Amino acid sequence: MVEVRILVPFLILFGLSTVHTVLAQSSTTDMCEKLSNTTCEDCLKNVSCLWCQTTQKCVSYPVRTILPPHSLCPLPEARWGACWVNFQTLIITLSVVCAAIIIAIFICCFCCCKCENIGTQRTEAKMEKQATKRKAKQEERKTEMKMKHDEIRRKYGLKKDSPYSRFENS
């Protein structure tokens, strides 16, 4: 029962939007048809209208299909948005610009990843160099401590020539 209460407002909104779309489309169709025997500029003032250069007609843009069908108006003769550019040129230009932007984004991503890896390699090399320096200092300190211990053993007579000789209490 709870699910029905949730779905009812959505169904009402969907129904109202469908009715609004149908009414708006019919009013737009009427408005575009009234502008048929005028100029291209007058027709294209309304964004939902399409001007056909060969027939000199203003028709509503077919929103159900992405591109206007050839029966309505051939693409090279269709004008939408601006009278000086035909629809086919507009589509080709936008496609090329979008493709160039996508390629530029891929190139930037590739370069950034490559530069990041180079930075990582530099950091790793720097860390490795620091680790080598630390090990060298540690070995140096270890050698110094061993020398000090040997010196103390010699001072108190605890140092033997052979490490395998027996320790004797004297």
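Computed from the coordinates by the stated procedures, all read-outs in this text should not be read as laboratory data. Keep in mind that what you see is a predicted model, and the values were worked out from it rather than measured. Positions of Cβ are generated from backbone atoms using ideal geometry, with glycine treated the same way; all protein chains shown enter the neighbour counts.
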Query raised in the report: When you take every Cα atom in the stretch 86-154, what is the radius of gyration, and what is Dmax, the widest Cα pair distance, in Å?
Result: 29.6, 101
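If each residue's Cβ is checked for other Cβ atoms within 10 Å, how do Phe87, Phe110 rank with the fewest at the top?
The fewest-first ordering by Cβ neighbours comes to Phe110, Phe87.
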Query raised in the report: Got a sec? How would Cys49, Cys32 order by Cβ neighbour count within 10 Å, fewest to most?
Result: Cys32, Cys49
Report task. Name the long-range amide H neighbours of Cys49: under 5 Å, sequence gap of 5 or more, or other chain; modelled H, no Pro or chain starts. Result -> Tyr61
Query - Placed amide H near Lys57: partners under 5 Å, 5+ positions off or other chain - result: Cys52
Requested in this report: Can you spot the lysines whose alpha carbon is less than 28 Å from Lys155's alpha carbon? Ignore those fewer than 8 places along the same chain.
Outcome: Lys137, Lys142, Lys146
**Report entry** Ser60, Ser36, Ser71 arranged by Cβ crowding within 10 Å, fewest neighbours leading
**Finding:** Ser71, Ser36, Ser60
